[in-house]
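Novice: Okay, here's the structure, questions in a sec.
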Amino acid sequence: MSEARRERRNYLLGTGLSILLTLLAFGSVIGPFGKTIALWVISVSAVVQILVQLRFFLHIGLGRQKREDLLLILFSLLLLSIMVGGTLWILTNLAQRMT
Amino acid sequence: MSPWFGRLNWWVTPFSDAIANPNTNNLVAAGAAALVVVGALFTLYFLTRRHLWGRLWHDWLTTADHKKIGIMYVVLALVMMARAVIEGVIMRGQQAAVLHGGFLSADHFGELFSTHGTIMIFFVAMPLIIGLINIAVPLQIGARDVAFPVMNQVSLGLTTAGAALVMVSLVIGKFSTGGWTAYPPYTEAVFNPGVGPDYWIWAVVISGFGSMLSGINFAVTIYKLRAPGMSYMRMPLFTWTALCTAIMLIYAMPPVTVSSLMLALDRNLGFHFFTNDLGGNMMNYANIFWMFGHPEVYILVLPAYGVWSEVASTFTAKTLYGYTSLVIATMAIAVISYTVWLHHFFTMGQGNSVNIAFGIATMVIAVPTGVKVYDWMATLWRGRIRMTVPMVYLTGFFILFVIGGLSGMMLANPTIDYQVHNTLFLVAHFHNVLIPGVLFGMLAGIHYWFPKVFGFRLEERLGLWTAWLWIGGFCLTFLPLYVLGLLGMPRRMPSFSDPAYAPWVLIAGFGALVLLIAMIMLFVTLWVSARHRDRLAVPLGDPWDGRSLEWAIPAPAPEWNFAVIPRITAREAFAVEKARGDPYTRPTAYQDITLPKNTALGASICMAATLMGFALVWHIWWLAALGLGLIPGALIVRAFVRETERVIPAAEVARAHDAWLDAIARAAGVTRDAETETANRGLAAPDE
Amino acid sequence: MNNRMSAHLHPGLNLGPAHGAAHERSETVLFGFWVFLMSDFITFGILFATYAANTGHIGLAGGPGPGDLFDLKSIGLQTGFLLASSLTCGMASLSLKYDEGASRVAQWLVVTALLGAGFLAFEVRDFASMISSGGTPMRSAWLSSLYALVGLHGLHVTMGLIWIAVMLALLAVVGLSDRVKTRLLLFALYWHFLDLLWIGIFSVVFLTGMR
């Protein structure tokens, strides 16, 4: 029974943290903050919220079995960074040479 | 335009073109369409006459058995290869004849190079590798089937739907003239409002989903279904290459699906991803497409490398040299292949730093392949080499593929590439790596594993003739293209005017005829071998003195693959057992075996997807919606099926397995000198 | 493989050894689905990259921009709906794991579906109002990318709702068989993944666009 209660609490905790981080991000845009600060807050809170949800909703962690699932995400992230980073580099380079 | 038939009408066939204007070009097109129609009708007639529909449906179209699905993939590939090779011959013929007038219109030639490339990549090479992986990998890892047998069926169905669309395009409407890459803005609606690019888009998108699902299936199979004791470093090399290929498929198919669907949105709904106006960026198409396109060619070649590893060690009776380096090289190729895609468009406007970065990455990726070639050569060194058909293909690979790799290194240098991009030099390079690399690997693999699934070997002499014809035909057709490229002849040209090109074009044209004969010889080999199957039978299962698990079961392999799942204690488990003197141990107990029941899900999705694709091409929106809706519909119906498995009683397994073991005990094995003779029933005697 | 007794065999919430065969068979299926989600991740990643490349003045092509079209209040509401539905989906998974019965699981799924429908309702309303202000996907590359990215996510949510409907039918007709349990776990993985994507969307598209 306490196992169930613990798991339920984790979902609520994950939701609570997500709400906080979302409010932070929205707040930085609606409030009187500069563009750079807002972008930083948005990025960091997005990354943290994703990590929170991975941990509390998707149960990805550093434990032994969980590590294989984590490795798959990291590998996907690696390829995605190459694809997205490469795309932005190439298209920006082309745009500069066109104007 | 009509709501019921979209833009379909009676005048969209080559027959009406040929009637209206019977010149050579139109007669060729009508002839091709007629072949498709006659071929389809003949097939229907043949199946009906011989009462084969029942067996076709029950034994093949509804099976979830990976071996049969693999065979169907290979059959699909060979049928499509016949068309694509003929298209190649026609193109070479047009160029050889052009200084005397030629016979094809420019648009027809455009369709030909587009279908030739699209079919070869998506409907010959991909089905060949997926077919071979399907057949061999579960057997090599000691599993009963792939992880998701029904999804395997669905993958085959989706691939077949794509192929069907390309075949239909020969009869109804026209195919794209935009090449196998379909670059916008040429393929946008403003320049190509017809059905051509739409056929390409839906064939690629639909079959792309199938390939991606195969990637998932194979990756999960290898991760989760290996026999107990088979750690990663005890897997055969073909399984390693299959694993890396599967992972690459998972990450490479999304880009082409995205780029094709974006093009579809542009064409059909007026979006502006790649248009000339309102912000469209056509370079992003090339960018996204090649993020698929480059890993794709490594997807094609890695399984071929896997076949070479198996062939090199089996036909020299030696342990594969440098196992660890081969594994690391395979993984390196898989990852690095995602970092080089820009080399396909060096000349399209980027600055130095971008080109150089990708150029260096491209050169780096040659290193692991070099490591592999050295490892294979070291495996052959001081081995007792038997020049069987797969070894002839390997020899052709060694010499010719290296030339292709070297021309690739030249192209990797942006400075050189600026001179030869889009000339026949490029065409020579990629055929040089695809044919001796992928095709020879697949043909060798077919010869190698054919006995395992069908229970009889292929005719050795016919096979050797076929191999030499492929090698000779390749050299005559494609080596001259290097010269032509350096002389400045562009690719995809239906005509040329510089007489200096003529002798080389003629040699290439002759070579194409040799390749046509080679392909015919391949079919003859299959046909004649089937007729002589009793003489060539190897029921005891190990015709080549194989080293991996798949050779330790009967041939043809039983439905359940292994009567008892083996426990693995070493790499090259079967070779180790034979060396120790205790292969073929009789199991002490048998269990009931659970296998998936047959299901019509794959066939249903195939028909639904073909309908949907055809309807999307012709703008028959109600039919497209119906086809699209039938797919989740079929899945939902399947979700409610409760009895999805059947049980094979232990007694039946025991009977079959004991009978086989008894036959082995009674038989006299053959040494390797008698490998290709009738005496070889599939039992290997130790060579002394 | 000596992890047969392990409580954590696959990504997402695990049923645990108490569920016996259902827990064991889930390992392969959930892993396969996780791998599929990785490919979906790449698909969205490319759409994100295309979107980002089209946010400059060339991509906007003189048409309406984020400031003209975005309604942050609506986005906030959508975020709330989707996050809440992730929570209720988690509750559905837990009631499955702790054997609270098919009807309890169904109740949580219904709430999840309603919240998901709420998300979609506001999204569709936003699209409609953007279109009436001239922000159609045919107006510019930026708009095409916006509709493609956000629209594909919305399509995934819609498919999720259909999936819930099928699961409710299965629960009614078949009950909590092993296969149904596995499918519920798959659904949960999918639904949480959609919320992860939404974090990316509201951050990269809407919040960044408004700044």
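The values are calculated or read from the model by the stated rules, or taken from the named source; none is laboratory data. Note that the structure is predicted; figures quoted are calculated from it, not measured. Neighbour counts run over all protein chains shown; Cβ positions are idealised from the backbone, glycine included.
Novice: Specify the residue that is nearest to residue B:169 (Cα to Cα); the eligible residues are those in the range B:1-26 that are out of contact with any Leu (no Cβ under 7 Å at 6 or more places or on another chain) and among the aliphatic types (A, V, I, L, M).
Specialist: B:12
Novice: So, one more: Please work out which one of (1) in a helix (DSSP H, G or I); (2) buried (at least 18 other Cβ atoms within 10 Å of the Cβ) is the condition residue C:63 fails and give its number.
Specialist: In the conditions (1) in a helix (DSSP H, G or I); (2) buried (at least 18 other Cβ atoms within 10 Å of the Cβ), residue C:63 misses (1) alone.
Novice: Further question on the same structure: In the range C:115-140, which residues are surrounded by fewer than 17 Cβ atoms within 10 Å (Cβ to Cβ) and not aliphatic (A, V, I, L, M)?
Specialist: Scanning the range C:115-140 gives C:125, C:129, C:132, C:133, C:134.
Novice: Restricting attention to the range B:168-182, does a residue exist that is without any contact (Cβ under 8 Å) to a residue 12 or more places away in the chain and in contact with a Pro (Cβ under 7 Å, 6 or more places away or on another chain)?
Specialist: The answer is no, given that none of the residues of the range B:168-182 is without any contact (Cβ under 8 Å) to a residue 12 or more places away in the chain and in contact with a Pro (Cβ under 7 Å, 6 or more places away or on another chain).
Novice: Would you check if residue B:363 is surrounded by fewer than 21 Cβ atoms within 10 Å (Cβ to Cβ), touching a helix residue (DSSP H, G or I) at 6+ places or on another chain (Cβ under 8 Å) and at pLDDT below 95?
Specialist: no
Novice: I've got another one for you. When you go through (1) outside any helix (DSSP H, G or I); (2) more than 16 Å from the chain's Cα centre (by Cα); (3) touching a residue at least 40 places away in the same chain (Cβ under 8 Å) one by one for residue C:12, which number turns out not to apply?
Specialist: Here residue C:12 clears every test but (2).
Novice: Among the residues of the range B:571-586, write down those that are among the small types (Gly, Ala, Ser) and either under 15 Å from residue B:541 (Cα atoms) or at pLDDT 95 or above (or both).
Specialist: Result: B:575, single match.
Novice: Can you name the number of the only condition in (1) facing chain C (nearest Cβ under 7 Å); (2) over 30 Å from residue C:28 (Cβ atoms); (3) hydrophobic (A, V, I, L, M, F, W, C); (4) over 14 Å from the mean Cα position of the chain (by Cα) that residue A:42 fails?
Specialist: Checking residue A:42 against (1) facing chain C (nearest Cβ under 7 Å); (2) over 30 Å from residue C:28 (Cβ atoms); (3) hydrophobic (A, V, I, L, M, F, W, C); (4) over 14 Å from the mean Cα position of the chain (by Cα), the one that fails is (4).
Novice: Name the single residue, out of those in the range B:426-451 being over 19 Å from residue B:297 (Cβ atoms) and in contact with a helix residue (DSSP H, G or I) (Cβ under 6 Å, 6 or more places away or on another chain), that is surrounded by the most Cβ atoms within 10 Å (Cβ to Cβ).
Specialist: This residue is B:449.
Novice: Got a sec? Which of A:70, A:88, A:20 is assigned by TED's automatic domain parsing to the domain that holds residue A:7 and among the aliphatic types (A, V, I, L, M)? Steps first, answer last, please.
Specialist: On the way: A:70 fails: assigned by TED's automatic domain parsing to the domain that holds residue A:7; A:88 fails: assigned by TED's automatic domain parsing to the domain that holds residue A:7.
On inspection, the qualifying residue turns out to be A:20.
Novice: Pairs under 6 Å by beta carbon, first residue more than 7 Å from every other protein chain (Cβ to nearest Cβ) and farther than 19 Å from residue B:336 by Cα in the range B:280-294, partner among the hydrophobic types (A, V, I, L, M, F, W, C) and not in a helix (DSSP H, G or I), six or more apart or different chains?
Specialist: Note: pairs meeting the criteria are B:282/B:274; B:285/B:274.
Novice: Please go through the range C:28-44 and give me each residue that is within 18 Å of residue A:54 (Cα to Cα) and either within 8 Å of chain B (Cβ to nearest Cβ) or of a type in the set (S, T, N, Q) (or both), ordered by number.
Specialist: Listed by number, the residues that qualify are C:31, C:32, C:35, C:36, C:38, C:39, C:40, C:42.
Novice: Another question, then. Can you tell me which of C:191, C:163, C:198 is more than 8 Å from every other protein chain (Cβ to nearest Cβ), in contact with a His (Cβ under 8 Å, 6 or more places away or on another chain) and of a type outside the set (A, V, I, L, M)? Write out each step before concluding.
Specialist: Details: C:191 fails: in contact with a His (Cβ under 8 Å, 6 or more places away or on another chain); C:163 fails: in contact with a His (Cβ under 8 Å, 6 or more places away or on another chain).
Answer to the check: C:198.
Novice: Here's another thing I want to ask about it. Between B:555, B:563, which is over 30 Å from residue B:159 (Cα atoms), outside any helix (DSSP H, G or I) and touching a strand residue (DSSP E or B) at 6+ places or on another chain (Cβ under 9 Å)? Lay out the reasoning, then the answer.
Specialist: Details: B:555 fails: over 30 Å from residue B:159 (Cα atoms).
Checking each option against the conditions leaves just B:563.
Novice: Report, by residue number, each residue of the range B:644-662 that is part of a loop (DSSP other than H, G, I, E, B) and more than 34 Å from the chain's Cα centre (by Cα).
Specialist: Hit for the range B:644-662 is B:649, nothing else.
Novice: Still on this structure: Based on what the data block shows, is residue B:388 within 23 Å of residue B:448 (Cα to Cα), more than 11 Å from every other protein chain (Cβ to nearest Cβ) and not hydrophobic (A, V, I, L, M, F, W, C)? Reasoning before the result, please.
Specialist: Numbers: within 23 Å of residue B:448 (Cα to Cα): yes; more than 11 Å from every other protein chain (Cβ to nearest Cβ): yes; not hydrophobic (A, V, I, L, M, F, W, C): yes.
Spelling it out, residue B:388 is indeed within 23 Å of residue B:448 (Cα to Cα), more than 11 Å from every other protein chain (Cβ to nearest Cβ) and not hydrophobic (A, V, I, L, M, F, W, C).
Novice: Being within 19 Å of residue B:433 (Cα to Cα), surrounded by fewer than 17 Cβ atoms within 10 Å (Cβ to Cβ) and under 29 Å from the mean Cα position of the chain (by Cα) is the filter here; which residues of the range B:469-491 pass it?
Specialist: B:472, the sole residue that qualifies.
Novice: Residue C:112: under 17 Å from residue C:166 (Cβ atoms), assigned to a helix (DSSP H, G or I) and touching a helix residue (DSSP H, G or I) at 6+ places or on another chain (Cβ under 8 Å), yes or no?
Specialist: Yes; evaluated as a whole, the condition is true for this residue.
Novice: Moving to a separate point now. List, please: which pairs have Cβ atoms under 7 Å, are six or more places apart or on different chains, and start with a residue in the range C:146-174 that is closer than 27 Å to residue C:53 by Cβ and end with one that is hydroxyl-bearing (Ser, Thr, Tyr) and assigned to a helix (DSSP H, G or I)?
Specialist: That search, which allows pairs on different chains as well, returns C:146/C:51; C:149/C:51.
Novice: Just to be sure before I move on: is residue B:91 surrounded by fewer than 24 Cβ atoms within 10 Å (Cβ to Cβ), at pLDDT 95 or above and of a type outside the set (S, T, N, Q) in the structure I sent? Lay out the reasoning, then the answer.
Specialist: On the way: surrounded by fewer than 24 Cβ atoms within 10 Å (Cβ to Cβ): yes; at pLDDT 95 or above: yes; of a type outside the set (S, T, N, Q): yes.
Considered against the rule, which asks whether it is surrounded by fewer than 24 Cβ atoms within 10 Å (Cβ to Cβ), at pLDDT 95 or above and of a type outside the set (S, T, N, Q), residue B:91 comes out as yes.
Novice: Could I ask something else about it? For the range B:232-263, give me the residue count where each residue is away from chain C (no Cβ under 11 Å) and either without any contact (Cβ under 8 Å) to a residue 40 or more places away in the chain or assigned to a helix (DSSP H, G or I) (or both).
Specialist: 15
Novice: Residue B:656 fails exactly one of the following numbered conditions: (1) within 30 Å of residue B:391 (Cα to Cα); (2) surrounded by 13 or more Cβ atoms within 10 Å (Cβ to Cβ); (3) among the small types (Gly, Ala, Ser). What is the number of that condition?
Specialist: (1)
Novice: Just checking: which of the helices (runs of 4 or more DSSP H) contained wholly in the range B:335-419 hold 1 or more residues that are under 29 Å from residue B:466 (Cα atoms)?
Specialist: Per the criteria, B:366-380, B:389-412.
Novice: Still on this model: Do you know which residues across the range B:206-231 are among the hydrophobic types (A, V, I, L, M, F, W, C), within 13 Å of chain C (Cβ to nearest Cβ) and in contact (Cβ under 8 Å) with a residue 60 or more places away in the chain?
Specialist: B:213, B:216, B:218, B:220, B:222, B:225, B:227, B:230 - these are the residues of the range B:206-231 that are among the hydrophobic types (A, V, I, L, M, F, W, C), within 13 Å of chain C (Cβ to nearest Cβ) and in contact (Cβ under 8 Å) with a residue 60 or more places away in the chain.
Novice: Is it true that residue B:218 is crowded, with 24+ Cβ neighbours inside 10 Å and within 25 Å of residue B:184 (Cα to Cα)?
Specialist: no
Novice: Taking the conditions exactly as written (hydroxyl-bearing (Ser, Thr, Tyr), closer than 23 Å to residue B:685 by Cα and touching a helix residue (DSSP H, G or I) at 6+ places or on another chain (Cβ under 8 Å)), does residue B:590 satisfy them or not?
Specialist: No.
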